[in-house]
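**Q** Have a look at the structure that comes next, please.
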Amino acid sequence: MKRTIITLLIAILLPVIAGCTRNDGDIGTWFGSWKLERITIDGLIDEKYTGDIFWQFQSSVFCMRKILPYNEHEERWGTWKELGDNTLQLDFTHTDDSHPDGKDMYTPWPETHITRGITELKVLKLEVDDMRLQYTADDGTLYIYFLNKW
C-alpha cells in the first residue's frame with residue numbers, strides 16, 4: 001500500500017516538477033522580465049520616464065507591462081525576434097476580435113517613444129542581467145534603453 005501511494009504521488013508531482021516555463025523552447029538570455037530603468041534621448045536622460053515599465057520575453061511573445069498604483073498593472077502585447085545582425089525586432093501590428101484596430105492592447109506605451117508597427121532596435125549589450133538597446137526614430141532622434149533583469 002505504501003509503495004502504491006508513493007508511486008501515485010510521483011506520478012502526480014512529476015509533470016509539475018518537469019513543467020515547462022519556457023514555452024516553445026529556450027530563448028537564452030532574452031527570457032524573462034526586464035525592468036526598463038531609464039531612457040536617454042540624444043544622450044540626455046528622459047526625465048519624464050518614471051521607471052514603471054517592464055519588458056517581458058517568452059517564445060516569440062513580447063509584453064510591455066506597466067506598474068500602476070495599488071499594485072495594479074496593464075499590459076501591451078506584440079511579438080519579437082532577434083535578427084542575425086544584433087538587431088531586436090518588435091512587432092506591434094497585431095489585432096484580435098476584441099481589438100480590431102489594435103489600439104492600446106497592441107501598441108507600445110507612449111513613454112517608450114516606440115510607435116505602433118515594426119521597430120528595429122540595435123542590441124548594444126545583452127548579458128545575463130543587463131541589456132542596452134538603441135532605437136533611431138524616423139526623425140533621427142536617438143533613444144537608448146537601459147534594462148535590468150528582474
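**Q** Could you give the length gained on full extension between His99 and Ile67, defined as 0.36 nm per residue of separation minus the Cα-Cα distance, in nm?
**A** Stretched fully, the His99-Ile67 segment lengthens by 9.3 nm.
**Q** Separate question: Grab the beta carbon distance between Asn86 and Ser60, set R0 = 25 Å, and tell me the FRET efficiency rounded to 0.05.
**A** 0.85
**Q** For segment 36-136, please report how many Lys pairs fall under 21 Å Cα to Cα, leaving out neighbours fewer than 8 apart on the same chain.
**A** Values: Lys48/Lys66; Lys66/Lys103; Lys81/Lys122; Lys81/Lys125.
For segment 36-136, the number of qualifying lysine pairs is 4.
**Q** Within a Cβ distance under 12 Å of Asp52, other residues only, what is the Lys/Arg minus Asp/Glu net charge?
**A** Summing Lys/Arg as +1 and Asp/Glu as -1 gives +1.
**Q** Under a 1.4 Å probe, what is the accessible area of segment 56-150 per residue, stated in Å²?
**A** 58
**Q** Turning to a different aspect of this structure: Could you look at segment 102-150 and say what percent of its accessible area is carbon and sulfur, using a 1.4 Å probe and all protein chains?
**A** Of the solvent-accessible surface of segment 102-150, carbon and sulfur hold 50 percent.
**Q** In a shell of Cβ-Cβ distance under 14 Å around Asp129, excluding Asp129 itself, what net charge do Lys and Arg (+1) and Asp and Glu (-1) give?
**A** On the way: positive: Lys35, Lys125, Arg132, Lys149; negative: Glu37, Glu127, Asp130.
Residues close to Asp129 contribute a combined charge of +1.
**Q** How long is the gain from Lys122 to Thr141 if the chain were fully straight, where each residue apart is worth 0.36 nm and the alpha carbon distance is subtracted?
**A** 5.4 nm
The values are calculated or read from the model by the stated rules, or taken from the named source; none is laboratory data. Model, not experiment: these values are computed from the prediction. Cβ sites come from the backbone with ideal geometry, for glycine too, and all protein chains shown count toward neighbours. Ligands, DNA and RNA are stripped out before the accessible areas are found, and what is left, the full protein with its side chains, is counted by its heavy atoms. Shrake-Rupley method; radii C 1.70, N 1.55, O 1.52, S 1.80 Å.
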